[in-house]
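Values in this text are rule-based calculations from the coordinates and carry no lab data. Because the structure is a prediction, the values reported are computed rather than measured. When we count neighbours, we look across all protein chains shown, and the Cβ atoms used for this are built from the backbone with ideal geometry, even at glycine.
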Amino acid sequence: MSNRAASYPGATGVSYFIVALRASIVFIILCGIIYPLATTGIAQAIMPHNANGSLIKDSSGNVIGSELIGQSFADPKYFQGRVSSIDYNAAGSGSNNYAPSNPDMLQRTQDSIDAWKKNNPDVPVSKLPIALITNSGSGLDPHITPESAEVQIPRISNLTGVAVAELEKLVLKHTEGRDLGLFGEPRINVLKLNLDLQALIKS
């Protein structure tokens with residue numbers, strides 16, 4: 001017979017529906033409940049800090065940020081991170097993806113350069129790393145390059161009174177190498193760096 005279903009007595013649309021429903025329930029339980037609970041439990045046991053968002057807390061235990069999401073530091077006495085067109089709003093990561101010739105892009109870049117000249121008179125624009133005036137792809141980058149931190153040292157030293165040598169040690173302390181020694185570039189987490197800077201200022 002050409003109709004395969006007809007070769008199985010009792011095989012009806014209802015029975016197929018019941019089989020499909022049972023399979024769906026099983027997979028919902030396995031993939032929607034058991035698997036998430038298992039992976040969450042393993043993550044909490046092996047790497048709880050990462051599993052909970054890599055949160056950074058102050059001395060009182062209050063959450064002040066995450067290692068994974070940058071923040072805006074308006075006070076010029078602190079190290080500044082990269083430009084963020086979304087003001088580091090993690091609810092909607094991304095950038096405007098402007099072309100280099102876009103008027104808004106050119107204006108934003110010029111504004112960043114003008115602000116640099118005003119706040120860093122001791123460091124010429126020719127030494128300004130491009131990373132400090134460009135947006136990351138997500139707009140949430142919490143890191144800057146070591147060079148981007150080093151060029152800010154004269155300004156911070158002038159505003160805080162902390163010796164240049166001490167700030168250089170702080171930058172070196174927070175410089176992270178390439179992952180596994182191969183992947184990525186050396187980088188500095190700006191929030192962690194500024195927390196140590198804050199402690200140094202108060203000491």
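Values as computed for the structure displayed
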read-out: Eligible lysines near residue 57 by straight Cα distance, threshold 19 Å, same-chain separation 8 or greater; value: 192, 202
read-out: Calculated [θ] (222 nm, deg cm²/dmol) that DSSP helices of n ≥ 4 give over the chain, each run adding -39,500 (n - 2.57); value: -12500 deg cm²/dmol
read-out: Shape metrics for the range 56-202, restricted to C-alpha atoms - Rg then Dmax, Å; value: 15.5, 48
read-out: Inter-label distance, nm, simple model (7 Å from Cα along the C-beta direction), residue 25/residue 57; value: 4.3 nm
read-out: The chain - charge dipole about Cα centre, Lys and Arg +1 at Cβ, Asp and Glu -1, debye rounded to 20; value: 480 debye
read-out: Under the span-like rule (Cα at least 20 Å along the axis, Kyte-Doolittle mean at least 0.0), DSSP H helices of the chain; value: 13-29
read-out: Residue-span extension gain [residue 117 to residue 15] - 0.36 nm each, minus C-alpha spacing; value: 29.1 nm
read-out: Candidate lysines for bridging to residue 118, where Cα separation is under 17 Å - those fewer than 8 sequence places away on the same chain excluded; value: 77, 127
read-out: Efficiency of FRET between residue 134 and residue 89 - r from beta-carbon atoms, R0 25 angstrom, step 0.05; value: 0.85
read-out: Separation in nanometres of the label points that stand 7 Å from Cα toward Cβ, at residue 175 and residue 49; value: 2.2 nm
